[in-house]
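The values are calculated or read from the model by the stated rules, or taken from the named source; none is laboratory data. Nothing here was measured: the structure is a model prediction, and the numbers come from that model. Here the Cβ positions follow ideal geometry from the backbone for every residue, glycine too, while neighbour counts run over all protein chains shown.
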Amino acid sequence: MLTAPTFPSIEDAYVALLQLATKEPEHRIDARGNTAREVIGASFRLSDPRQRLPYLAERKANPVFQFAEALWYLSGRRDLDMIGYYAPSMRASSTDSTHLGGSAYGYTLFHQADGHRSPFDLVVELLRNEPDSKRGYLPVFSSAELADRSNPDVACLAGLHLLPRGNHLHMVCNMRANDLDCGLLSDVFSFTVIQEYAAIQLGLSLGTYTHTIGSAHVNDRNAERVRRVLEEAARGPAVTYAFPPMPEDTDAATIERLMVHEEALRTNELRYNALHIHNRLDLHPYWQQAVMLFELYRQIQHDQVKAVDPALMHALDPGLRWLMVRKWPACAAAVDGGAR
Ligand code: 5HM
């Protein structure tokens, strides 16, 4: 087969890649202090890019970070204030303690410099007028990033290729490198959200997502967790949840509104309960879920509660609840004895 192997969900692709890199590595590498097992030129396709979360207790995917990162990209930002609150480890990649560099993909793709249209806007406009186009490419990695040999943050994403074919928007993602245990899951989550958002702007259905990687590797420091994940996967699929479709009226104004709520919760200026989120925010129930995640995280970070608000946990989609219970002890405490 000459096209990438197809998987029904990111969980299946993730497990297959971990198996490949740990059991049949092609190279042992040691780049910038990271010893790793590596396979070069790996790729996969997702038939349903909405199946973008893995339900593996040993992996403990963090849906709060996943939504935060996707929205950070869609709003064209590069500030550490926002993303560093959700992923403190990303602060180490900043040279000025304020911004991120190459990995602030949203700034490259969605930022509108001085009234100019963003690269994303240009590609959407092109594809509206030329449906079978092969030119809908959004480059991210730039060799200029290599000019500074000590640059800690060189983009791993080379580019995203949007391909409207028939009624569907397909996307191919090219990565120069992917950490299969740490980077892959959040990358695929965010990039498939960008794909779905682009499909909506073009009035198309969501097509397939193809992910290609130059250096696909598992760092030795993560080997123990990877072993546990593979053991869990070998026991068979325990649970799976369908991720709902993004509402068809989602646009830049929706993202802006969401970011107002996100900031109010991140800075602890406001606190929301489930009823308020349901009844008082001008947001589709799909996006209300993201606000619920940010409020739960506010309770964990700012209030440092032992147990988060059970009503909020109850209002979460079952798949997100499953993940939050596994990720955060304060979420598990809120549903103990209740429906997990
Ligand atoms: O030395 P290098 O710049 O390639 O190190 C970056 C590491 O972060 C690699 O392991 C790369 O695969 C991983 N990474 C990732 O998987 C980094 C980013 C941020 O650009 C990402 N996915 N999005």
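Number of residues in the stretch 111-156 that are within 27 Å of Leu185 (Cα to Cα) and within 24 Å of the chain's Cα centre (by Cα) equals 21.
For the stretch 149-179, taking the residues that are over 24 Å from Thr35 (Cβ atoms) and either touching a residue at least 60 places away in the same chain (Cβ under 8 Å) or among the charged types (D, E, K, R) (or both), the one that is farthest from the ligand (Cβ to nearest atom) is identified as Arg165.
Would you check if Ala92 is in contact with a helix residue (DSSP H, G or I) (Cβ under 7 Å, 6 or more places away or on another chain) and aliphatic (A, V, I, L, M)? For Ala92, the condition - in contact with a helix residue (DSSP H, G or I) (Cβ under 7 Å, 6 or more places away or on another chain) and aliphatic (A, V, I, L, M) - is not met. Listed by position, the helices (runs of 4 or more DSSP H) contained in the stretch 222-329 that have at least 2 residues being more than 24 Å from Gly76 (Cα to Cα) and either among the charged types (D, E, K, R) or touching a Ser or Thr at 6+ places or on another chain (Cβ under 6 Å) (or both) are 223-234, 318-327.
So for the stretch 236-247 (the condition being under 26 Å from Asp121 (Cα atoms), free of Cβ contacts under 8 Å to residues at least 60 places away in the same chain and surrounded by 13 or more Cβ atoms within 10 Å (Cβ to Cβ)), does at least one residue qualify? Checked the stretch 236-247: at least one residue is under 26 Å from Asp121 (Cα atoms), free of Cβ contacts under 8 Å to residues at least 60 places away in the same chain and surrounded by 13 or more Cβ atoms within 10 Å (Cβ to Cβ).
The set of residues in the stretch 24-65 being at pLDDT 95 or above, of a type outside the set (S, T, N, Q), within 16 Å of the ligand (Cβ to nearest atom) and not in a strand (DSSP E or B) consists of Pro25, Glu26, Arg52, Pro54, Arg59, Ala61, Phe65.
Conditions (1) among the aliphatic types (A, V, I, L, M); (2) outside the structural domain of Asp48 (by TED's automatic domain parsing); (3) without any contact (Cβ under 8 Å) to a residue 24 or more places away in the chain; (4) closer than 22 Å to Arg50 by Cα, marked per residue:
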site: Ala274; (1), (2), (3), (4): yes, yes, no, no
site: His284; (1), (2), (3), (4): no, yes, no, yes
site: Phe294; (1), (2), (3), (4): no, yes, no, yes
site: Gln299; (1), (2), (3), (4): no, yes, no, no
site: Leu312; (1), (2), (3), (4): yes, yes, no, no
site: Leu316; (1), (2), (3), (4): yes, yes, no, yes
site: Trp322; (1), (2), (3), (4): no, yes, no, yes
